[in-house]
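Notes for the one structure printed next.
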Amino acid sequence: MRVVVSDADRIHVDVLSLTWDEALLSFRLPDFSKVRVRALRPDPRPLAETTQQNAVGRIQLAGLQPGTEQVVCVEWDGGQRDLTFSTLPAPQGPCRGAYLVFGDPHVALETENRKGRLFVEGPSILAEVVEMANTAAVDAVLIAGDITNSGTPQECVLARNILADLKCPWLCVPGDHDRALLRSGMWADTFGPVPWRRDVGPFRFLGVDTSGERLGAEGVAWLRDGLAGEPRRRTVVLSHLQLWPDEYIRSVKNKVVKDVEECRAALSAAFDASVLVYAGHQNVASRVGVGRGAQVNVPMPVQFPCGVLWAREYANGLYHTYRPIRSEALCARSRGDGERAVECFQEPQWRGTYRLGAGPDQWNFVFTP
């Protein structure tokens with residue numbers, strides 16, 4: 001079956017990243033053009049223009065007002081589109097600590113990509129994330145499972161060698177694709193045993209093993225003990241599967257741990273604190289409230305929208321900013337291959353608009369104390 005794509009289907013203008021005074025936009029157009037952005041509200045003025053004509057690219061907006069709804073017009077030869085988004089409130093005081101978090105790098109030795117997953121480029125993309133973390137001087141890097149794609153020793157060694165260039169601790173939990181490494185003992189030898197607890201700067205990080213699709217009594221007990229401790233630190237939980245249901249997730253399998261109801265009852269009191277849970281596996285822009293805390297589905301670097309979350313702690317909250325990989329062309333290729341997979345395999349979870357979530361505020365937000 002041949003899918004006919006119209007120009008309207010080939011035009012994408014998205015808000016990727018937001019801070020208190022900046023926004024990063026991406027675009028994909030049917031033809032080469034310069035792209036211009038002008039503010040409509042609250043302060044009408046020109047904002048930015050690309051230096052060259054492009055069909056795929058990004059444009060950075062700076063000097064925006066903090067905590068303000070922004071309406072901008074993106075213009076190109078033959079078309080325009082209005083976008084509405086809100087900048088984050090201005091942070092208070094100095095940055096107390098920071099980390100990068102993502103999931104599912106799927107380091108692979110395969111020679112072909114699949115449904116938008118950039119297996120061929122995966123190792124170089126992970127190396128780029130390492131460079132990003134080192135440049136940002138974060139206190140830790142968190143990886144929410146599926147470090148490898150097939151769970152082979154060769155993939156494990158490759159991932160370890162790339163991550164070894166990090167200048168900060170890297171804290172990982174296993175995913176379902178890493179199960180063979182757990183059984184052989186290579187996971188513990190390379191990434192350490194799970195569950196684990198690590199205090200780094202102002203953060204307490206707790207990692208649990210949900211690669212077998214259950215949290216289990218051991219995981220519940222570990223979280224309850226870990227959450228009972230350090231009130232002065234920001235508590236963060238890392239899991240491969242969701243610990244709480246998220247109605248936005250449309251995948252028909254493995255959306256949440258199978259013992260979710262048992263876990264929810266057992267952890268309800270412990271999660272009455274302001275706890276943040278990061279989950280991998282689905283990798284779409286979505287979060288859901290958990291008591292006074294939240295659960296965030298984290299992005300993956302090797303499938304659209306291809307990036308990581310940068311978290312920074314200030315006096316008034318934990319600021320999250322989505323950071324895409326360097327190449328918008330690779331992101332666009334992943335998006336296009338995913339869209340074709342929707343039609344070919346009838347799997348709507350690959351659609352780009354779904355993976356971007358309900359809006360840029362799903363991955364660009366402030367988690368308040």
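Ranking of TRP244, TRP310 by neighbouring Cβ atoms within 10 Å, starting from the fewest: TRP244, TRP310. Principal-axis analysis of the Cα atoms of the chain puts helix 216-227 at an angle of about 80° to the longest axis.
Counted residue by residue at 0.36 nm each, then reduced by the alpha carbon distance between them, the extension gain from CYS344 to ALA55 reaches 101.5 nm. Across the chain, the longest run free of exposed loop sites, meaning GluC sites (Glu not before Pro) lying outside DSSP classes H, G, I, E and B with no more than 11 other Cβ atoms within 10 Å, spans 113-246.
Hey, if you put +1 on the Cβ of every Lys and Arg and -1 on every Asp and Glu Cβ in the chain, which of VAL56, SER211, PHE367 ends up farthest toward the positive end of that dipole? Result: PHE367.
Converting the Cα gyration tensor eigenvalues of region 12-86 into ellipsoid dimensions via √(5λ) gives semi-axes, longest first, of 21, 12, 10 Å.
If you take the Cα centroid of region 290-338 and the Cα centroid of region 155-179, the two points sit 18 Å apart. Scattering from the chain was approximated by placing one identical point on each alpha carbon and applying the Debye formula without solvent; log10 I(q)/I(0) at 0.13, 0.15 1/Å stands at -1.06, -1.38. Here is how the number arises for the chain: DSSP H runs of 4 or more residues each give -39500 (n - 2.57), the sum is divided by the residue count, and the result at 222 nm is -6500 deg cm²/dmol. With neighbours defined as other Cβ atoms within 10 Å of a residue's Cβ, the residues THR368, THR111, THR68, THR148 order from fewest to most as THR111, THR368, THR68, THR148. Under the criterion of Cα pairs below 8 Å and six or more residues apart, the relative contact order for region 12-86 equals 32 percent. Residues whose amide H comes within less than 5 Å of that of THR210, counting only those at least five positions distant or on another chain, are HIS240, LEU241 (H built at 1.01 Å from N in the peptide plane). When +1 charges are put on Lys and Arg Cβ atoms and -1 charges on Asp and Glu Cβ atoms, the dipole computed for the chain relative to its Cα centre reaches about 280 debye.
So how tilted is helix 122-136 from the main axis of the chain? Cα-based, degrees 0 to 90, rounded to 10. Here the helix axis deviates by roughly 90 degrees.
When you restrict to C-alpha pairs under 8 Å that are six or more residues apart and normalise by the size of region 97-367, the relative contact order lands at 20 percent.
Exposure proxy shown here: for CYS172, CYS344, the number of other Cβ atoms within 10 Å sets the order, fewest to most, as CYS344, CYS172. Taking every DSSP beta bridge that has both ends in region 118-240, the antiparallel portion is near 35%. The residue among GLY201, PRO123, PHE32 whose Cα reaches farthest toward the positive pole of the charge dipole of the chain, with charges on the beta-carbon of Lys, Arg, Asp and Glu, is GLY201. When DSSP beta bridges are restricted to pairs lying wholly in the chain, around 70% turn out antiparallel.
Coordinate-derived values only; no laboratory data. All of these numbers come straight from a predicted model, not from anything done at the bench. A quick note on method: Cβ atoms are made from the backbone with ideal geometry, for glycine too, and the neighbour counts reach across all protein chains shown.
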